[in-house]
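Q: After the structure tokens below, expect a handful of questions from me.
The values are calculated or read from the model by the stated rules, or taken from the named source; none is laboratory data. Only a predicted model underlies this, so the values are computations on that prediction, with no experimental measurement involved. FYI the Cβ positions are ideal-geometry reconstructions off the backbone, even for glycines, and counts take in every protein chain you see. Heads up: the accessible areas ignore ligands, DNA and RNA and are worked out on the full protein's heavy atoms, side chains in. Shrake-Rupley method; radii C 1.70, N 1.55, O 1.52, S 1.80 Å.
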Amino acid sequence: MSFTRSDQIYQELKGDILSLKLAPGTELKLQELVDRLLVSKSPIRDALQQLKSEGLVDIWPQSGTRVSLIDLSQVEVERLLRTTLEQEAVRGFCKKPDERALAQMRFLIEEQRWAANQNAYLHFLQLDDAFHQQIFIGCGLGRFWDIIQNQMGNYQRIRILSFEEPEVIPAVVESHKKLLRALEEKDLDEALRLESGHVRKLDTELGPLMERYPGYFTNTKR
């Protein structure tokens, strides 16, 4: 599969947005992007339109473009999507655990410990996602994971912010260890409980994040 320059720019800008290198509300000036990326305006416009379709940038003709604020109403939608699809994947996995997927999850937990010790938040997020992706791959629902990843722009950015809280990353690692054990033992009820709790943990983390970064959020009435 070949990638156009527009695709490459899209991936680079999306990575910068999801990692908060480009913070919510940041203005994206077309000429500055041209100078930075050393391309013409056309592929940048195409990439920005794709990011707009995913809710990651706002474009106002004749006015400008900015990184979208984190929309809390969409966070709820994104979490519902992930919970629904991941619970289906957990059910499929528990029927017939895939040993290769389990081995990869064990490896990823060790990698997560390393990333946690380095305070490498973006890498930790990628490892977190890779851990959960193995559940989908192991039960033959890998395309479901692709759907989730294309719809998680608001949720992912809150996750990155939450990693700054000292207790969050160790709790994630511990949750993954327990989920792995439940999957190994085919304990469906425990695996579903842990998976749901893993996604819902942001409920307790969101308040402090909104106080610390009030300019990052929209639809903040909860």
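Q: Looking at (1) within 27 Å of LEU209 (Cβ to Cβ); (2) in contact with a Ser or Thr (Cβ under 7 Å, 6 or more places away or on another chain); (3) touching a residue at least 12 places away in the same chain (Cβ under 8 Å); (4) of a type in the set (A, V, I, L, M), which is the only condition ALA47 fails?
A: (1)
Q: OK, next. Within the set of pairs 6+ apart or on separate chains, which have a first residue in segment 107-127 that is under 13 Å from VAL168 (Cα atoms), a second that is hydrophobic (A, V, I, L, M, F, W, C) and open to solvent by 100 Å² or more (accessible area, probe 1.4 Å), and C-beta atoms under 7 Å apart?
A: Within 7 Å, no pair qualifies.
Q: Among the candidates ILE158, ILE169, ILE137, single out the residue that is modelled with pLDDT of 95 or more, aliphatic (A, V, I, L, M) and either surrounded by 13 or more Cβ atoms within 10 Å (Cβ to Cβ) or more than 28 Å from SER68 (Cβ to Cβ) (or both). Spell out the reasoning first.
A: Numbers: ILE158 fails: modelled with pLDDT of 95 or more; ILE169 fails: modelled with pLDDT of 95 or more.
From the options ILE158, ILE169, ILE137, the qualifying one is ILE137.
Q: Using the structure shown, decide if LEU179 is closer than 24 Å to LEU127 by Cβ and under 18 Å from the mean Cα position of the chain (by Cα).
A: no
Q: Sticking with this one: Six or more apart or on different chains, Cβ under 7 Å: which pairs go from a residue in segment 50-75 that's touching a residue at least 12 places away in the same chain (Cβ under 8 Å) to one that's open to solvent by 50 Å² or more (accessible area, probe 1.4 Å) and in a loop (DSSP other than H, G, I, E, B)? Could you list them?
A: Short answer, once both residue conditions are applied: GLU54/ASN150; ASP71/ASN219; LEU72/ASN219; LEU72/THR220; LEU72/ARG222; SER73/ASN219.
Q: I'm trying to understand the selection: among the residues of segment 193-208, which are open to solvent by less than 80 Å² (accessible area, probe 1.4 Å) and closer than 15 Å to ARG79 by Cβ? I'd like the intermediate steps shown before the answer.
A: Within segment 193-208, the first condition is being open to solvent by less than 80 Å² (accessible area, probe 1.4 Å), and the residues that meet it are 194-199, 201-203, 205-208.
Result: GLU195, SER196, GLY197, HIS198, VAL199, LYS201, LEU202, ASP203, GLU205, LEU206.
Q: Can you pull out the residues in segment 153-194 that are under 30 Å from LYS52 (Cα atoms), among the charged types (D, E, K, R) and assigned to a helix (DSSP H, G or I)?
A: ARG157, ARG159
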